[in-house]
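The values are calculated or read from the model by the stated rules, or taken from the named source; none is laboratory data. Note that this is a predicted model, so its numbers are computed, not measured. Here the Cβ positions follow ideal geometry from the backbone for every residue, glycine too, while neighbour counts run over all protein chains shown. In case anyone asks, the SASA skips ligands and DNA or RNA and just uses the protein heavy atoms, side chains included. Shrake-Rupley method; radii C 1.70, N 1.55, O 1.52, S 1.80 Å.
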Amino acid sequence: MRRYIRALVLCMVFAVFSGLYVYSKLFYSDVPIGGNGTKKGFNTQLRVPGGRRGSAEKTGPRSPHWYNRYIMRQRGQVEAGGGRPDPPMHLAVVACGERLEETLTMIKSAVLFSIKRLSLHIFAEDQLHASFIEALESWPDFIRSRFNYTVYSISFPSENAAEWKKLFKPCASQRLFLPLILKDVDSIVYVDSDILFLQPVDHLWAFLSQFNSSQLAAMAPEHEEPRIAWYNRFARHPFYGRTGINSGVMLMNMTRMRNMFFKNDMTAVGLRWEELLMPLLQKYKLNITWGDQDLLNIIFHHNPECLLEFPCQWNYRPDHCIYGSNCASAEEDGINILHGNRGVYHDNKQPAFRAVYEAIRKYSFGADPVTSLLEPLEEELIKTTHTYCGKSYPLFTKRLAHSLANVNRKAPRGR
C-alpha cells in the first residue's frame, strides 16, 4: 500500500512542477504583434524586393532603441485593445524625383481621415528613403498609431528595366508590378502621389465587397463626356469602354490578378499577369502616350468583365471642371478623392486644386480641423470663382467637412 501512496505523491509533485514550468514559459514569451500575428511591430526596415537583405540595412537607422520603440508601442496597442487589431487596409504609392512632399501630403490625407488601420507600401528611389522615414517618424504618436509602413526600392524586371522605369513618368509603371512584388498582400489601393483623400480610405476599400466573381480591379473612367475625352478621339490602341479608364486611383484584388489568365490580342490562349506585361509593351510601345495607363486600358479592353467602374467623384481631376462641370456623382455628393494631375497643385492654372493641397499640407496634426483647415480653405476657394473649377468650389468641401467632423471626434484631448 505504501508503494502506491509514494507513486501517487511523486506523480502529484511532477504534475505541479510541470504546470509551473508551462506557466513560466507562457508568461515570459513574446506577445504576438501586428495584424498578421508576427512578432514585429512597425516594419520600417528598408526593403528591396528580391534584393540582398543587407543592401537595405546599410541605410536604415541602427539604434536598438529606435527599433524597440515600435515593438513596445504596438505591443501596448494590442494589450490595450484586448487582442489583435483588425487586418489593415493596404495603400501603395510610388515616389520618384521631386515627389517627396506631395507624397507625404497624400499620406497625410489618407491617415487623417481613415477609420481602420492602414498599411502603407511606399516605393521610392533610394535617395528618398531616409527622408520618408524621418518625416513619418516625426508625426505625433496618436497619428503613428493609425498606420504602419514599409519603404521599398524601385524594382523592375531585369529585362528592359530601364525602359519600364522611363515609361511615361519616372517609375510610374511600378504599379503594374505590385501583384508580383507584394505576393503576400491580397488586396491593395494604388494611388498616384498627386492624390488627396477627402473621405476615409475605408469607403474606397469597401468597393472590394462589391466585386462579383470575375472582377479583380476597380477604376474610374478617364472622362464622362466623349466629345472632349482623349481616348476615343486620339488613342492608337484598344481602350476600355467609351472613354477609357484613369489609373491614378486603382483598387486591386491582387490574388485574383495573380491567378487570372487574361485574354489578349497576341496569343489564342490566356496569359498570366507576369506573362502579359512585356509582350504588351513590345507590341504597343510606339503607340502609347500615357504609359502604364494605356497598357491597363488595353488589358481591360480585352477583359472588361474583370473591371468594376467606380464613379468619377473617386478620381476627380481638372478635366471634370476645366471646361465646365461634368462629373454628376460629385455634383450630387461632393468630391471623395481629388486628383491633381497636370501639376495643378504646384502652379496657378487651377487655384481651387492648389488651395485644397495647400490647406492639407499646412495643417498641423492635433489642431482644430475646422478652424485650422476647413475655414481657411473655404476662404481661399471663394477667391477662385473666376475659374470654371472654382465656380464648383462647394464640391471640394462637401465631403471634406464630414471627414473633418470625424477627425474632431478622434483627436486626443489636450493636444
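Taking the criterion of being more than 18 Å from residue 217 (Cβ to Cβ), in contact (Cβ under 8 Å) with a residue 24 or more places away in the chain and open to solvent by 30 Å² or more (accessible area, probe 1.4 Å), the residues of the range 242-284 that qualify are 265, 278. Here the helices (runs of 4 or more DSSP H) wholly within the range 299-415 that include at least 3 residues being of a type in the set (D, E, K, R) and either free of Cβ contacts under 8 Å to residues at least 60 places away in the same chain or under 30 Å from residue 277 (Cβ atoms) (or both) are 351-362, 375-382.
Candidates are the residues of the range 164-192 that are within 14 Å of the chain's Cα centre (by Cα) and of a type in the set (D, E, K, R); the one that is surrounded by the most Cβ atoms within 10 Å (Cβ to Cβ) is 192. Listed conditions (1) open to solvent by 10 Å² or more (accessible area, probe 1.4 Å); (2) part of a strand (DSSP E or B) are all met by residue 155, apart from (2). Of the set (1) at pLDDT 95 or above; (2) surrounded by 15 or more Cβ atoms within 10 Å (Cβ to Cβ), all apply to residue 375 but (2). Of the set (1) open to solvent by 10 Å² or more (accessible area, probe 1.4 Å); (2) over 30 Å from residue 395 (Cα atoms), all apply to residue 123 but (1). Among residues of the range 118-139 that are under 17 Å from residue 106 (Cβ atoms), those with a beta-carbon under 6 Å from a residue that is open to solvent by 20 Å² or more (accessible area, probe 1.4 Å) and assigned to a strand (DSSP E or B) at least six positions away or on a different chain give the pairs 119/90; 119/148.
Of the listed requirements (1) over 24 Å from the mean Cα position of the chain (by Cα); (2) open to solvent by 20 Å² or more (accessible area, probe 1.4 Å), residue 321 misses just one: (2).
Just one of (1) in contact with a Lys or Arg (Cβ under 9 Å, 6 or more places away or on another chain); (2) part of a helix (DSSP H, G or I) fails for residue 107. It is (1). Put simply, of 266, 260, 219 the only residue that is at pLDDT 95 or above, farther than 25 Å from residue 102 by Cβ and among the aliphatic types (A, V, I, L, M) is 260. Looking at the range 95-113, is at least one residue farther than 25 Å from residue 354 by Cα and surrounded by 22 or more Cβ atoms within 10 Å (Cβ to Cβ)? There is no residue in the range 95-113 that is farther than 25 Å from residue 354 by Cα and surrounded by 22 or more Cβ atoms within 10 Å (Cβ to Cβ). Consider residue 364 carefully, then state whether it is closer than 20 Å to residue 221 by Cβ and open to solvent by 20 Å² or more (accessible area, probe 1.4 Å). Spelling it out, it is not the case that residue 364 is closer than 20 Å to residue 221 by Cβ and open to solvent by 20 Å² or more (accessible area, probe 1.4 Å).
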